[in-house]
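Visitor: Quick one: structure below, then a few questions.
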Amino acid sequence: MIPPLKPGAELLQVKGPRIDTQRLILRPWRAGDIAPNAAMLADPGTARFIAPDGKPITTEIGGWRNAAVISGHWALYGFGMFAVEEMSSGKYIGRVGPWCPPGWPAFEVGWGIASEFRGKGYAVEAARASIDWSFDSFEIDEIMHCIESENVPSQGVARSLGARKDREIDLFGKPADAWITSRAAWTRQN
């Protein structure tokens, strides 16, 4: 439990952009996102593709660590994956956005949506907003999406975004495919 603050004491507040889409809010992380993010990663089908070791996160501290890494990207670099909230319910539904920690193959926009919110087009909607924001914010010509070859649903998201499968990569000992969204193609289609 976090103790009460003394009068006049200040804590770091990460203030990132907020992006509203038709049905979603992409925003900075809050402490309230830790539990639903951990619940999303406790699902074996979800964890298989987005947990660091591919295994479900089943402990409270494991869920906290994962959220701390994702939200800490913002504090360290000034950008990162957004917490995604369903506008109509206010519920955390996943994380989508730019990601580029040390050793990552390239600047990525990735996505992870909790299983109960899949099939509604939320990953595509949030990724579109994240790609727009990334091309508006950074001088980059390409955005990568690292997708394991067995992750057929994420390949579908990439195709819906107009990304093209470029090459196979080694993602920290796991084979994956690099899907590319180029600025030129994005500008033409949007």
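Visitor: For segment 32-47, name all the residues that are touching a residue at least 24 places away in the same chain (Cβ under 8 Å) and among the small types (Gly, Ala, Ser).
Guide: Across segment 32-47, the qualifying residues are Gly32, Ala35, Ala38, Ala39, Gly45.
Visitor: Only one residue in Val124, Val69 is farther than 23 Å from Asn190 by Cα, out of contact with any Gly (no Cβ under 7 Å at 6 or more places or on another chain) and among the β-branched types (Val, Ile, Thr), so which one is that?
Guide: Values: Val124 fails: farther than 23 Å from Asn190 by Cα.
Every option except Val69 fails the conditions.
Visitor: Please state which of the following conditions Ile57 fails to meet, knowing it meets all the rest: (1) assigned to a helix (DSSP H, G or I); (2) buried (at least 17 other Cβ atoms within 10 Å of the Cβ).
Guide: It fails just one condition, (1).
Visitor: Take segment 114-130 and flag every residue that is crowded, with 23+ Cβ neighbours inside 10 Å, within 11 Å of Ile93 (Cα to Cα) and in contact with a Pro (Cβ under 9 Å, 6 or more places away or on another chain).
Guide: The answer is Ala123, and nothing else.
Visitor: Only one of these is farther than 23 Å from Cys146 by Cβ and either small (Gly, Ala, Ser) or outside any loop (DSSP other than H, G, I, E, B) (or both): Gly62, Gly45, Gly97, Gly90. Name it. Even if it seems obvious, please write down each step before you answer.
Guide: Details: Gly62 fails: farther than 23 Å from Cys146 by Cβ; Gly45 fails: farther than 23 Å from Cys146 by Cβ; Gly97 fails: farther than 23 Å from Cys146 by Cβ.
Answer to the check: Gly90.
Visitor: Additional query: Filter segment 108-152 down to residues that are within 16 Å of the chain's Cα centre (by Cα) and under 15 Å from Phe82 (Cβ atoms), then give me how many there are.
Guide: Total satisfying the criteria: 22.
Visitor: Considering only segment 70-80, state which residues are of a type in the set (A, V, I, L, M) and either surrounded by fewer than 16 Cβ atoms within 10 Å (Cβ to Cβ) or under 19 Å from Phe138 (Cα atoms) (or both). Don't jump to the end; show me each part of the working.
Guide: As a first pass, look at segment 70-80 and keep what is of a type in the set (A, V, I, L, M): 70, 75-76.
Ala75, Leu76 - these are the residues of segment 70-80 that are of a type in the set (A, V, I, L, M) and either surrounded by fewer than 16 Cβ atoms within 10 Å (Cβ to Cβ) or under 19 Å from Phe138 (Cα atoms) (or both).
Visitor: Identify the residue in segment 162-190 that is without any contact (Cβ under 8 Å) to a residue 60 or more places away in the chain and among the aromatic types (Phe, Trp, Tyr) and, among all such residues, is surrounded by the fewest Cβ atoms within 10 Å (Cβ to Cβ).
Guide: Trp186
Visitor: Could you grab the pairs with beta carbons closer than 9 Å, sequence gap of 6+ or different chains, first residue in segment 52-76 and on the phi > 0 side of the Ramachandran plot and at pLDDT below 95, second one surrounded by fewer than 16 Cβ atoms within 10 Å (Cβ to Cβ) and part of a helix (DSSP H, G or I)?
Guide: What qualifies is Gly54/Arg48.
Visitor: So, in segment 133-161, exactly how many residues are among the charged types (D, E, K, R) and surrounded by 15 or more Cβ atoms within 10 Å (Cβ to Cβ)?
Guide: Qualifying residue count, segment 133-161: 2.
Visitor: For residues in segment 93-107 being touching a residue at least 60 places away in the same chain (Cβ under 8 Å) and surrounded by 24 or more Cβ atoms within 10 Å (Cβ to Cβ), which is farthest from the chain's Cα centre (by Cα)?
Guide: Residues of segment 93-107 touching a residue at least 60 places away in the same chain (Cβ under 8 Å): 93, 96-97, 103, 105-106.
If we keep only those that are surrounded by 24 or more Cβ atoms within 10 Å (Cβ to Cβ) too, we end up with 93, 96-97.
Numbers: Ile93: 11, Val96: 3, Gly97: 4 Å.
Checked segment 93-107; the qualifying residue farthest from the chain's Cα centre (by Cα) is Ile93.
Visitor: Which one of these is in contact with a Pro (Cβ under 6 Å, 6 or more places away or on another chain) and crowded, with 20+ Cβ neighbours inside 10 Å: Ala83, Ala67, Ala47, Ala42?
Guide: Values: Ala83 fails: in contact with a Pro (Cβ under 6 Å, 6 or more places away or on another chain); Ala67 fails: in contact with a Pro (Cβ under 6 Å, 6 or more places away or on another chain); Ala42 fails: crowded, with 20+ Cβ neighbours inside 10 Å.
The conditions single out Ala47.
The values are calculated or read from the model by the stated rules, or taken from the named source; none is laboratory data. Everything quoted here is computed from the prediction, not taken from an experiment. Neighbour counts are summed over all protein chains in view; Cβ atoms, including those assigned to glycine, are modelled from backbone coordinates with ideal geometry.
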